[in-house]
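So the structure is just underneath, and the comments pick up after that.
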Amino acid sequence: MTLPTRRSVLHGSMGFAAAAAMARPYIANAAAKTATVWWVQGFAEEEDVSIKKIFADYEKASGNTIDYSLTPYAPHRQKVVSAITSGEVPDLFPANPAEVGSLFAWQDKLVEVGDVVATQKAQYSETALLSAQCYNSASKKRDFYGIPFTGATLPHHIWKSLVEKAGYKVTDIPKTWDAFYDFFKEVQKKLREQGMRNVYGLGLQITTNGVDPNNTFHYWLAAYGGKDIVTKDGRLHLDDPTVKQAVIKALANPTTAYKQGFVPPGAINWNDADDNNAFHSKLMVMDLDGTISTEVAIIKKKEDYDDIVTMGLPLSNDGKPIPSQLTVVNALIPKGAKNVEVAKDFMKYFIQPEISNAWLKVGLGRNVPVMPSIVKNDPWWFADPHRKAYTEQAVTGETLPAYWAFNPAYAEVQNTHVWGEAWLDIIQKGTTPEAAAERAFKRVEEIFAKYPIAQT
């Protein structure tokens, strides 16, 4: 296994040059204009190098100018909300967090971008296309208000050395959901017997901060058969007995693991970066978390890189594959943008498969393409064990869209951390999982009542 090196990044940049030479903008140089783009700063320096190269190559190819800024996640979110509220908006920005696109579309705050998506529609996965079609309360219909350009799922990251120190092998890890998680509880017990008092078996984001706890809940929900809690028509299915039981189990089992001492005590206060830091310090044996870069790709120490195992999802308890919820990130053009034409043209350039692929590779493969043909035509995505596992889970495996794509009400469910609050009720107040679920159901139903979607 090899670490990404400066040479490999430079080699990827050379790939950019080749890709840029093949790609073509959609506006003639004679119509040169400037678009203001508010981008999100990457977790790794390579990600910023990558997007800057994209901007520069586009400017050279088109004659247009991209006036960009790179802002960390939290300040970027605040900046965008303030701009949408005031009307002083940029021409283009990525949805941050991903679900805001559905809320802005509902509020009729976005420009329809179906013409951009159409240029690569045949290349996109079904999950990507569903994630870009949101409901507009003014037009009372769904349309493309987002341009998909990347995605992320939650793989498992495991310290092989800790598994082996406990007397097991990675090949001993069970293949079904509950047995898989119970295995790491046993690993913790064995390590504690050896005097390792500060190691925990499981890294679970059971908090109400950031995006990770929502993602964690949805994976446990799908594992127990509750993936249809919201369907493509935007309908909520809390009255479905299978969904109801899946919610109860997704609330009960992670919190039981926490109360039994198999999850670090601080997990109830974690933000999105804290589990990454905890995993890097070997506070826990296994972590369920999004992307590979925050856990693996940014690691510079080769022995640590080689010691980590990246693994997709086990089977459900009855032996069936569990689909991974793929969070697709869309580029958005707000109404009021002064140069929609160049914003659209840039995205037509950006989403060309050869350009998108080069961008993702220089960015260390932190996120995955939303066009399956990219990985099928480039062995790079399978050349590293971490990337291979992640690509097979997120691109070639079965995926589901985030529920906010089906109904913007679910974006509010996520933003208000309904499920995280239910976890904390169980942990801190002693509420039973059944009672916590009923309280959460009532809150979810109240939110959905605010977003009536016309059925066609």
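The values are calculated or read from the model by the stated rules, or taken from the named source; none is laboratory data. Note that the structure is predicted; figures quoted are calculated from it, not measured. Counting neighbours? That spans all protein chains shown, and the Cβs are built from the backbone with ideal geometry, glycine included. The protein model used for the area step is the full one, side chains on, heavy atoms only, and it has no ligands, DNA or RNA in it. Shrake-Rupley method; radii C 1.70, N 1.55, O 1.52, S 1.80 Å.
Can you tell me which condition residue 151 does not meet? The list is (1) of a type outside the set (Val, Ile, Thr); (2) part of a helix (DSSP H, G or I); (3) open to solvent by less than 10 Å² (accessible area, probe 1.4 Å); (4) in contact with a Leu (Cβ under 6 Å, 6 or more places away or on another chain), and all the others hold.
Tallying (1) of a type outside the set (Val, Ile, Thr); (2) part of a helix (DSSP H, G or I); (3) open to solvent by less than 10 Å² (accessible area, probe 1.4 Å); (4) in contact with a Leu (Cβ under 6 Å, 6 or more places away or on another chain), residue 151 fails exactly one: (2).
Would you mention how many residues in region 112-127 are closer than 22 Å to residue 341 by Cα, open to solvent by 30 Å² or more (accessible area, probe 1.4 Å) and not small (Gly, Ala, Ser)? First the steps, then the outcome.
Residues of region 112-127 that are closer than 22 Å to residue 341 by Cα, as a first pass: 112-121.
Subsequent filtering for residues that are open to solvent by 30 Å² or more (accessible area, probe 1.4 Å) retains 112, 115, 118-119, 121.
Now drop any that are not not small (Gly, Ala, Ser), which leaves 112, 115, 119, 121.
Number satisfying all stated conditions: 4.
So which residues in region 217-261 are under 19 Å from residue 313 (Cβ atoms) and part of a loop (DSSP other than H, G, I, E, B)?
The answer is 224, 225, 226, 227, 228, 229.
Being open to solvent by 30 Å² or more (accessible area, probe 1.4 Å), closer than 30 Å to residue 47 by Cα and either of a type outside the set (Gly, Ala, Ser) or at pLDDT below 95 (or both): is that true of residue 211 here? Walk me through it before giving the result.
Values: open to solvent by 30 Å² or more (accessible area, probe 1.4 Å): yes; closer than 30 Å to residue 47 by Cα: yes; either of a type outside the set (Gly, Ala, Ser) or at pLDDT below 95 (or both): yes.
It is true that residue 211 is open to solvent by 30 Å² or more (accessible area, probe 1.4 Å), closer than 30 Å to residue 47 by Cα and either of a type outside the set (Gly, Ala, Ser) or at pLDDT below 95 (or both).
Against the conditions (1) in contact (Cβ under 8 Å) with a residue 60 or more places away in the chain; (2) among the hydroxyl-bearing types (Ser, Thr, Tyr); (3) in a helix (DSSP H, G or I), where does residue 171 fall short? Just the number, please.
Answer for residue 171: the failing condition is (1).
Would it be correct to say that residue 57 is in a helix (DSSP H, G or I) and either in contact (Cβ under 8 Å) with a residue 60 or more places away in the chain or over 21 Å from residue 338 (Cα atoms) (or both)? Step through it out loud before you land on a result.
Working: in a helix (DSSP H, G or I): yes; either in contact (Cβ under 8 Å) with a residue 60 or more places away in the chain or over 21 Å from residue 338 (Cα atoms) (or both): yes.
So residue 57 fits the description; yes.
Checking the conditions here, which among 90, 97 is part of a loop (DSSP other than H, G, I, E, B) and modelled with pLDDT under 95?
Details: 90 fails: modelled with pLDDT under 95.
None of the others qualify; the one that does is 97.
Here is a yes/no grid of residues against (1) under 24 Å from residue 433 (Cα atoms); (2) open to solvent by 20 Å² or more (accessible area, probe 1.4 Å); (3) of a type in the set (D, E, K, R):
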position	(1), (2), (3)
243	yes, no, no
253	yes, yes, no
258	yes, yes, no
274	no, yes, yes
280	no, yes, no
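In region 221-241, what residues are under 23 Å from the mean Cα position of the chain (by Cα), open to solvent by 10 Å² or more (accessible area, probe 1.4 Å) and not charged (D, E, K, R)?
222, 224, 225, 231, 236
Regarding residue 157, is this residue at negative phi and in a helix (DSSP H, G or I)? Write out each step before concluding.
On the way: at negative phi: yes; in a helix (DSSP H, G or I): no.
So residue 157 fails the test.
Could you check residue 82 against (1) without any contact (Cβ under 8 Å) to a residue 12 or more places away in the chain; (2) in a helix (DSSP H, G or I); (3) closer than 23 Å to residue 341 by Cβ and say which number it fails?
(3) is the only condition that residue 82 fails.
What residue, of 105, 74, is outside any strand (DSSP E or B) and either out of contact with any strand residue (DSSP E or B) (no Cβ under 7 Å at 6 or more places or on another chain) or modelled with pLDDT under 95 (or both)? Walk me through how you get there before you give the answer.
Working: 105 fails: either out of contact with any strand residue (DSSP E or B) (no Cβ under 7 Å at 6 or more places or on another chain) or modelled with pLDDT under 95 (or both).
Just one listed residue meets the conditions, 74.
Got a number for residues in region 57-93 being of a type outside the set (A, V, I, L, M, F, W, C), under 13 Å from residue 33 (Cα atoms) and surrounded by 21 or more Cβ atoms within 10 Å (Cβ to Cβ)? If you could, list the steps in order and put the result at the bottom.
So the first thing to find is which residues in region 57-93 are of a type outside the set (A, V, I, L, M, F, W, C), and the list is 57-60, 62-65, 67-69, 71-73, 75-79, 82, 85-88, 90-91.
Next, from what is left, pick out any that are under 13 Å from residue 33 (Cα atoms): 58-60, 62-65, 67, 91.
This time we only want the ones that are surrounded by 21 or more Cβ atoms within 10 Å (Cβ to Cβ), so: 58, 62, 64, 91.
Here the count works out to 4.
Inside region 344-380, can you point out the residues that are over 12 Å from residue 123 (Cβ atoms) and free of Cβ contacts under 8 Å to residues at least 60 places away in the same chain?
378, 379, 380
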